[in-house]
1. Can you list the HN-Hα couplings for region A:63-72, worked out from phi with the Karplus curve (6.51, -1.76, 1.60; θ = phi - 60°), rounded to whole Hz and with x for Gly and Pro?
2. Please rank A:Cys188, A:Cys84, fewest neighbouring Cβ atoms within 10 Å first, as an exposure proxy.
3. So what are the ³J(HN,Hα) numbers for region A:27-37, from phi and the Karplus equation (6.51, -1.76, 1.60; θ = phi - 60°), rounded to whole Hz, Gly and Pro as x?
4. Can you sort B:Leu138, B:Leu187 from fewest to most other Cβ atoms within 10 Å of each residue's own Cβ?
5. Local charge sum around A:Arg20 (other residues, Cβ-Cβ under 11 Å, Lys/Arg +1, Asp/Glu -1)?
6. I need A:His196, B:His114, B:His205 ordered by Cβ neighbour count within 10 Å, fewest first.
7. So what J values fall out for region A:102-119 if you push phi through Karplus, 6.51 cos²θ - 1.76 cosθ + 1.60 with θ = phi - 60°, rounded to Hz, Gly and Pro as x?
8. Roughly how many Å is it from the Cα centre of region A:1-80 to that of region A:167-195, as a whole number?
Number of protein chains: 2
Amino acid sequence: MSRDAPIQPAPVFDETFNLRLVDLFRWRRDVRRFTPDPVPDRLIEDLVAIAALAPSVGNSQPWRFVSVETPDRRQAVIANFNACNAAALNDYEGERAALYARLKLSGLREAPVHLAVFCDRATQAGSGLGRKTMPEVLDYSVVAAIHAFWLAARARGLGVGWVSIIDPLELAASLETPPDWKLIGYLCVGFPQEEHQDPELERQHWQAHLDENDRLLRR
Amino acid sequence: MSRDAPIQPAPVFDETFNLRLVDLFRWRRDVRRFTPDPVPDRLIEDLVAIAALAPSVGNSQPWRFVSVETPDRRQAVIANFNACNAAALNDYEGERAALYARLKLSGLREAPVHLAVFCDRATQAGSGLGRKTMPEVLDYSVVAAIHAFWLAARARGLGVGWVSIIDPLELAASLETPPDWKLIGYLCVGFPQEEHQDPELERQHWQAHLDENDRLLRR
């Protein structure tokens with residue numbers, strides 16, 4: 001079952017690539033405004049295969065990428081988001097509530113592609129290696145795969161938005177996924193209407209950048 | 001507090017970059033064998049700043065990168081790993097136990113740089129946005145930052161190994177970090193002795209690649 005990749009010399013990542021890679025991190029955005037242009041199926045399939053190059057604890061590869069396609073399932077996801085978002089709005093008051101209400105927090109209606117990404121917590125792959133004291137690393141492997149998907153998508157001109165304002169158990173019920181699959185992230189994917197270097201939540205004055213968290217601490 | 005980056009035109013990520021990016025995902029490895037060469041302080045600082053470009057829920061930027069430097073603290077981390085690894089070995093029997101015992105599961109003694117990466121769960125940044133129904137996304141933001149660090153490090157020729165065979169509460173006690181900081185990952189960083197395209201756990205026949213997990217499912 002191992003990949004039959006021929007043995008290659010290790011690539012050199014030169015200065016030009018390194019600068020471009022930082023550009024990619026800098027311009028990867030959480031996208032919520034999509035054009036109606038369809039996304040080729042093959043592109044999403046390629047990106048999932050790239051995401052599967054992510055690190056996973058014990059080489060467990062626990063990611064499960066599910067494309068949500070039927071209109072009734074998409075409608076259930078939108079209803080799920082709307083209910084959770086209304087409940088979240090209730091937690092804020094005054095100006096903060098007004099600002100929250102103005103934020104666009106998902107592109108579920110517009111995005112041509114919906115992906116629900118799960119962690120298969122029942123997987124036997126990896127034989128439990130590295131999961132005894134910090135079992136949550138299995139979930140973290142899926143986060144790394146989502147991040148890899150996101151970066152590779154952005155490099156191909158595709159936008160990704162991660163929706164966490166969602167009831168994960170209700171979502172799993174809507175999608176009829178196996179009981180041991182834990183939802184890690186729900187992604188909207190499509191071509192972005194606009195491109196930005198700064199996060200929308202900075203631009204909208206919800207949360208500024210915190211320089212102090214860019215720094216290494218020492219012990 | 002916002003970054004004073006000048007407004008730039010969005011970069012174009014061409015085919016050459018995209019191919020190299022896939023090479024980077026393919027050649028990012030969990031490294032456990034390091035050369036004794038020191039790693040410039042400035043390089044680690046730069047990589048932490050790049051990691052801080054990762055996505056975070058509500059723009060909460062909850063990552064806290066701690067360089068573990070004093071000999072007594074490093075010794076405590078090694079003792080922590082050794083105890084947890086011995087306990088983990090007890091879970092396996094027969095050939096599996098023999099193989100587990102032969103695996104090199106950390107480079108804690110050799111790595112010139114140790115980084116403990118935490119999530120500050122008490123952060124007020126982001127004002128709770130996106131954390132009501134899936135509060136674990138705060139931790140996931142830190143995972144994305146670690147993955148960004150890892151990729152950027154590899155592109156500069158540095159190896160990173162993620163150690164999860166560790167007692168996180170004992171580690172936090174050793175480092176005297178604030179009580180609300182949850183350990184997400186412990187990283188060994190240094191220049192690698194060797195470079196590989198395939199994971200060590202595949203090479204050592206612990207866990208093969210699973211082609212079926214590279215594929216998109218549909219609902």
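1. With coefficients 6.51, -1.76 and 1.60, one gets 6, 9, 9, 10, 7, 9, 10, 6, x, 5 Hz.
2. Fewest to most other Cβ atoms nearby, the residues stand as A:Cys84, A:Cys188.
3. 3J(HN,Hα) across region A:27-37, in whole Hz: 9, 5, 10, 8, 9, 10, 10, 10, 7, x, 4.
4. Listed from fewest to most nearby Cβ atoms, that is B:Leu187, B:Leu138.
5. Neighbourhood net charge equals -2.
6. Placing the least packed residue first, the sequence is B:His205, A:His196, B:His114.
7. Once θ is set to phi - 60°, the couplings for region A:102-119 become 7, 5, 9, 9, 7, x, 4, 6, 8, 5, x, 10, 10, 10, 9, 10, 10, 10 Hz.
8. The distance from the Cα centre of region A:1-80 to that of region A:167-195 comes to 14 Å.
Each reported figure results from applying straightforward, stated rules to the coordinates on display, with no laboratory input. Here the structure is a predicted model, which means the values were calculated and not measured. Neighbour counts run over all protein chains shown; Cβ positions are idealised from the backbone, glycine included.
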